[in-house]
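The values are calculated or read from the model by the stated rules, or taken from the named source; none is laboratory data. Quick caveat, the model's predicted, so the values are computed rather than measured. For neighbour counting, all protein chains shown are included, and Cβ atoms are generated from backbone atoms with ideal geometry for every residue, glycine included.
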């Protein structure tokens, strides 16, 4: 209970001191959308996008989908987890560099799909095998495709539909 009260007070303090107005963005290349966060929260947000989200390579994260040599690990999860953060960040910032990365990763994943519908990095003998991680990779891949659909549907409905039809 005390911990919850402390966290609540800390959040209130941060938000009361961080000019949280949604204002036209003129501060950075990252925030090239219609709005941006200002103050300490806005600065932290920009640092997360620049130093973490933009530094990841979703094409690299999805190369394992084409190789399909895995027997026991979880690399397939990484692209979907990346999309879980990158797609919402793009919808907030409108950052062109981020959108290009997201699109390239999406195309790499979609192009790796087998005729039977499988998208993943496991060898045929280990797909959905007991004790394997393939089911988690499939889960995160589907979530990544749904995140892509959510942000793309307003801009390019045909491309967004590919994420659902995949």
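Condition check for residue 91 on (1) modelled with pLDDT of 90 or more; (2) assigned to a helix (DSSP H, G or I); (3) under 24 Å from residue 37 (Cβ atoms): one failure, at (1). Which of the residues that make up the stretch 53-67 are touching a helix residue (DSSP H, G or I) at 6+ places or on another chain (Cβ under 8 Å) and under 16 Å from residue 85 (Cα atoms)? Correct list: 53, 54, 56, 57, 58, 59, 61, 62. Evaluate the following for residue 135: is it surrounded by 18 or more Cβ atoms within 10 Å (Cβ to Cβ) and free of Cβ contacts under 8 Å to residues at least 60 places away in the same chain? No; evaluated as a whole, the condition is false for this residue.
Restricting 132, 137, 94 to those that are touching a helix residue (DSSP H, G or I) at 6+ places or on another chain (Cβ under 6 Å) and within 28 Å of residue 51 (Cα to Cα) reduces the list to 137.
Listed here are the helices (runs of 4 or more DSSP H) enclosed by the stretch 2-82 that have at least 1 residues being more than 22 Å from residue 139 (Cβ to Cβ) and at pLDDT below 50: 2-17.
The sole residue among 108, 121 that is over 18 Å from the mean Cα position of the chain (by Cα) and surrounded by 15 or more Cβ atoms within 10 Å (Cβ to Cβ) is 121.
Whenever a residue of the stretch 99-112 is closer than 13 Å to residue 57 by Cα, its partners that are surrounded by fewer than 18 Cβ atoms within 10 Å (Cβ to Cβ), lying with C-beta atoms within less than 6 angstrom and at least six residues away or across chains, give the pairs 104/59; 105/59; 108/59. Screening the stretch 39-75 for residues that are within 17 Å of the chain's Cα centre (by Cα) and over 30 Å from residue 113 (Cβ atoms) and picking the one that is surrounded by the fewest Cβ atoms within 10 Å (Cβ to Cβ) gives 51.
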